[in-house]
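Asks: Here it is: the structure, laid out below.
All of the numbers you see were taken from the coordinates with simple rules; none came from a lab. Source: prediction; values computed, not measured. Backbone-built Cβ (ideal geometry, glycine too); neighbour counts: all protein chains shown.
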């Protein structure tokens, strides 16, 4: 189960990576102090993966891909809840519900 | 909402309970004796797993016809998951917008 969103920004991949990977960088745009971030992997300036979750929420995995464009940068984020077997559930759910 | 999705997630984090849900997707309904016959666990353990799935609102008891209590998946079992997807989508819409403004307005030296 996952969601995917992307945006293009007028900044370099390094600037975007900095804003995602450092606490000082995140303070400029991410205001969610109740969520704890645990970084899984850093691959500057192309990729960053972290896990996070609040006190009463299941942990989710957030995967950022940072793609250099001729002018600017594309940021693609995928947030997933890997243990939620939604694909398997929903595939045949219609049969049961009917 | 997060409590509900948390309960669903916790219920499905157990491999035996995922097997139960999987078999319900195939069979439509099940019972403690039916599951005890197919799973390598005790009758009591089966009853516990079914109770956990019922608590998470994934299962419900069917209207009783005989002596046996039968269970089926609830029609709205996936509602918390759908709600999570919607919330996560709009949250990232907002966060990426703020990220864009942050890096464009205030570039690093």
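Asks: Beyond 19 Å, what share of the Cα-Cα pairs of the range B:2-105 remains, rounded to the nearest whole percent?
Replies: 51 percent
Asks: Further, regarding this structure: Using only the alpha-carbon atoms, what does the range A:43-84 span along each of its principal axes? Please give whole angstrom values in decreasing order.
Replies: On the principal axes, the range A:43-84 reaches 42, 17, 14 Å in Cα extent.
Asks: Could you please state, rounded to a whole Å, how far the C-alpha centre of the range A:35-63 is from the C-alpha centre of the range B:58-81?
Replies: Computed from Cα coordinates, the inter-centre distance equals 35 Å.
Asks: Next question. Can you give the mean number of other chain Cβ atoms that lie within 10 Å of the Cβ atoms in peptide B:22-33?
Replies: Rounded to a whole number, the mean comes out at 2.
Asks: If you don't mind, another one. Taking each residue in B:88-101, count the Cβ atoms of any other chain within 10 Å of its Cβ, then average. What number comes out?
Replies: 6
Asks: Another question, then. Per residue of A:15-21, count partner chain C-beta atoms within 10 Å of its C-beta, then hand back the mean as an integer.
Replies: Whole-number average of other-chain Cβ neighbours for A:15-21 is 4.
Asks: Based on alpha-carbon positions alone, could you give the equivalent ellipsoid semi-axes of the protein assembly as shown from the gyration tensor, as √(5λ), descending, whole Å?
Replies: Output for the protein assembly as shown: semi-axes of 44, 15, 14 Å.
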